Every structure is written in C-alpha cells, then in structure tokens.
Amino acid sequence: MSCSRASSNAFLVRLLVIAAVASLAACATAPPDTTPTAVTLPAPIAQSEIGPPAPSRTHHRNKAAMTLSISAVGDMMLGTDFPKHRLADDDGQGLLAAVAPILSATDITFGNIEGVLMDGGTPAKRCSNPSACYLFRSPARYAQHFANAGFDAVSFANNHARDFGEEGRTASMRHAAAAGMHHSGREGDIASWRVNGLDIAMIAFAVTRNSNSMLEIAPAAKQVALLAEEHDVVIVSFHGGAEGLGSLRIPFAEETYYNEPRGDVVAFSRAMVDVGADLVLGHGPHVVRAMERYKDRLIAYSLGNFATYFGISVAGLKGVAPILEVNLNGYGEFVDGRLHSTRQPRPNGPLPDTSNTALRVIKALSIADFLDTGLVFHDDGALGEAPRRFVRTERGQRY
C-alpha cells in the first residue's frame, strides 16, 4: 500500500468523522486518528486444527431461491435499578418505540443485552464508588420490552452478563426464553430454531469467563463447523475489541483494553466464516466499526451502542449506531441489505437519524480499513455486492 493511498484513507476518515461529530450537539470534537502501525500476524491456523471446512451445502433443496431477512443491533441496556433506581419514567416501555417498526420487519432480529434481566440478587462485583458503579440490572419484566420491539434472539456473552454472577445470567436466559426470545452466551449455550423452512443456529462469543470464548480461535471454529453441518444458516455474534473513540479503526491484531485480552476480531471473524458461519455480528467497542463482505458472507465488526439508557456514554459518535438489515439466501450468502442510521439523545431511546451519520462513518471506516470491502454503500443506506479484488490481511498486506 502506497504512502499516498494511506494518507488519503486517513484523511477520508478524519474528514467524515469530523463532519459526523459536527452534526451531533453532544460532542464538541472529533476523535483522533488512531491508525495503528503495521503488525505481523501469527501464522495461519491449519485447517486440521479447526476441523473440516465449511460444508458445500449442495443439498437437494434449491436454497438459492430461499430468503432470510435479519436485523441486528449492538449493545442494549434499558436502565438499571442497581445501585440506584435509574429507569425511564415510563418503565422503559417507550425506549424502543421509534425503531420498533424497523426491528420487527425482518424474519430475525438480534441484539446484545448488557447487564442482567433479574429481580433482586447479589452482585458478583464490588462497587467501591456507588456514584460510578458499572453494574447493570434491569427488571425481569424488561425482557418483554425487547420482545415487543421485535427481538427474536439475544446475546448474553459480554462483560456485564455476569454482573450478578452466573445466577444473574441464568435469570436473564430464563426471562428471555419466557418472552419468546432465543439466546446464547454462556459456554455451551447455543440457539437453534427454524425460520422460513431453514434451520438457524446462533452462537454468541465473548472474551469473558464462562462464555463461549473467542480468544482461542481453533475451539471456537470447531463449534461453528459442527453447527454448519446441522444448520442451513449460522449466525455468529462476538463481544470483542478495544473500547472508545480511539478504537474506531481495526488494528488487524490482538487487542487489549485495560490489559484485558479482547481478541483479534478479524482473524476470529474470518475463521468463523471459513468453517461455515454465514453472518458475523460484532459489538463491544461502544462505537461503530468497519464492515466487509468476505467469501460472500457479511461481517460487521461493531454495531456500536444502540439503546443504552444509563451508565454507558452516548456522547457524540458513541451515540451513533445502525440497525443493520441483511438479506441472505438459503445458503447464507449475502444478497443485499441496508443500514438504518440511528442516534440516541438521552433520555430518549434510539431515534432514526435522517443525517445518516452511522452510514457515513461505517462507509468511511470500511474503505479506510479494508480498501476493497466487497460492498457498495448507497447514500440512502442500501447495501449491495461489489466484486472484491483482494482481501486485506493486515495493514499493507493483501491476498
């Protein structure tokens, strides 16, 4: 990659991020350019280590003519009653109302729930400063708020899913299921159901204890390969990567945050597709990140903060997020999609953003990080296929 091309990409990201931030009254300055230096990736994982490659999927059905529509969002937390009562005046019932028509329009709607859905319980972490206590517990009845907005599948694989220990995560799983939602997150917890005549699997990974782990790629890939053998479409979710405005760019390397390992999101995501994942959905950095079409499958590296009523900053770009709409065929191949831009002006929940800030920032980051994304980002939010000439494996290297 030439220096002039690198400078051009860095300038593009800075220009669009500055424009996006200027349109948001909550943020006064644009995030700094944090383009990392080139790194050396570890040797590729041998196929023998991760199991068989993705199945050919040449079943007797003509699955190319079948369709599946999926909506996906990032982090959600509709208010906490611990350690103080910080719930919306309407008990959270209206926080998703403005975006529910979009969320409920697809066959499957997915999101990541931060914190627990639980009444009572004992925190697993100690809060030394109650005024800055990042433990999230939403009332169990809030599970129905998500279901009413259209959510069918949720992740409990994140660093807040165990705020009240495994008892809290168990409660979250139980209340989500009672509201009619599928879930994944705890080690071995995998969702499996049938939609439009297709067998669907959803597995959520994280870097946290007792979750399906994304830190060891080979075991994760074996899990996904087995799911691909038994399902038509496999959805992989991950909660990984560093956090904050300094983490808009993807480093193509292992990431850390406060010395905690946060995974190599590109190596992980592509390895999952290599063995059979059809859609990979990232969250955790609390900002949006790039997207790419890899082997005819869509990877979204971070969907940002979608609906976080309290405790997580939504200032500036932290309050910008998309509703990602994806259409797949019966083989799990990307057909087309759309980015519905939203923003979150507290004390409201997410609202449609007519300035399309999330779209513009994701497009700029995708081009800057991958150069050739395999996608076309239209001004109205529509996503389409584009021929992909090369796939970037790390900064300055392609194959």
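Odds and ends about this structure:
- Scanning the stretch 315-347 for residues that are more than 20 Å from residue 101 (Cα to Cα), open to solvent by 20 Å² or more (accessible area, probe 1.4 Å) and either assigned to a loop (DSSP other than H, G, I, E, B) or among the basic types (Lys, Arg) (or both) yields 315, 318, 331, 333, 346, 347.
- Among the candidates 203, 217, residue that is touching a helix residue (DSSP H, G or I) at 6+ places or on another chain (Cβ under 6 Å) and in contact (Cβ under 8 Å) with a residue 24 or more places away in the chain: 217
- Residue 117 of a type outside the set (Ser, Thr, Tyr) and in contact with a Ser or Thr (Cβ under 7 Å, 6 or more places away or on another chain): yes
- Taking first residues from the stretch 326-342 that are polar (S, T, N, Q) and partners that are assigned to a loop (DSSP other than H, G, I, E, B) and surrounded by fewer than 24 Cβ atoms within 10 Å (Cβ to Cβ), the Cβ contacts under 7 Å between residues at least 6 apart in sequence or on separate chains come to 329/66; 341/353; 341/356; 341/381; 342/99; 342/353.
- Condition met for residue 330 (of a type outside the set (Asp, Glu) and more than 21 Å from the chain's Cα centre (by Cα)): yes
- Pick from the stretch 128-140, criterion in contact (Cβ under 8 Å) with a residue 12 or more places away in the chain and either touching a Phe, Trp or Tyr at 6+ places or on another chain (Cβ under 7 Å) or assigned to a loop (DSSP other than H, G, I, E, B) (or both), ranking: most open to solvent (accessible area, probe 1.4 Å): 134
- Per the conditions (1) more than 22 Å from residue 359 (Cα to Cα); (2) surrounded by 21 or more Cβ atoms within 10 Å (Cβ to Cβ), the sole criterion not satisfied by residue 89 is (2).
- Listed by position, the strands (runs of 3 or more DSSP E) inside the stretch 161-278 whose residues that are touching a Lys or Arg at 6+ places or on another chain (Cβ under 8 Å) and open to solvent by 10 Å² or more (accessible area, probe 1.4 Å) number at least 2 are 255-257.
- Residue 332 vs. criteria out of contact with any strand residue (DSSP E or B) (no Cβ under 6 Å at 6 or more places or on another chain) and on the phi > 0 side of the Ramachandran plot: no
Rundown of residues vs (1) within 30 Å of residue 67 (Cβ to Cβ); (2) not acidic (Asp, Glu), yes/no style:
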{"residue": "178", "(1), (2)": "yes, yes"}
{"residue": "215", "(1), (2)": "no, yes"}
{"residue": "220", "(1), (2)": "yes, yes"}
{"residue": "230", "(1), (2)": "yes, no"}
{"residue": "237", "(1), (2)": "yes, yes"}
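- Test: residue in the stretch 373-384 that is under 30 Å from residue 82 (Cα atoms) and modelled with pLDDT of 95 or more: no
- Filtered by the rule that a residue be touching a helix residue (DSSP H, G or I) at 6+ places or on another chain (Cβ under 8 Å) and open to solvent by 10 Å² or more (accessible area, probe 1.4 Å), the stretch 148-160 gives 148, 150.
- Candidate set from the stretch 92-104 (those that are farther than 24 Å from residue 137 by Cβ and touching a residue at least 60 places away in the same chain (Cβ under 8 Å)); member that is surrounded by the most Cβ atoms within 10 Å (Cβ to Cβ): 102
- Screening the stretch 90-149 for residues that are modelled with pLDDT under 95 and hydroxyl-bearing (Ser, Thr, Tyr) and picking the one that is nearest to residue 284 (Cα to Cα) gives 134.
The values are calculated or read from the model by the stated rules, or taken from the named source; none is laboratory data. Just so we're clear, the structure is a prediction, and the values are computed from it rather than from any experiment. Note that we place each Cβ from the backbone using ideal geometry, even for glycine, and neighbour counts take in every protein chain shown. For accessibility, only protein heavy atoms count, side chains too; no ligands or nucleic acids. Shrake-Rupley method; radii C 1.70, N 1.55, O 1.52, S 1.80 Å.
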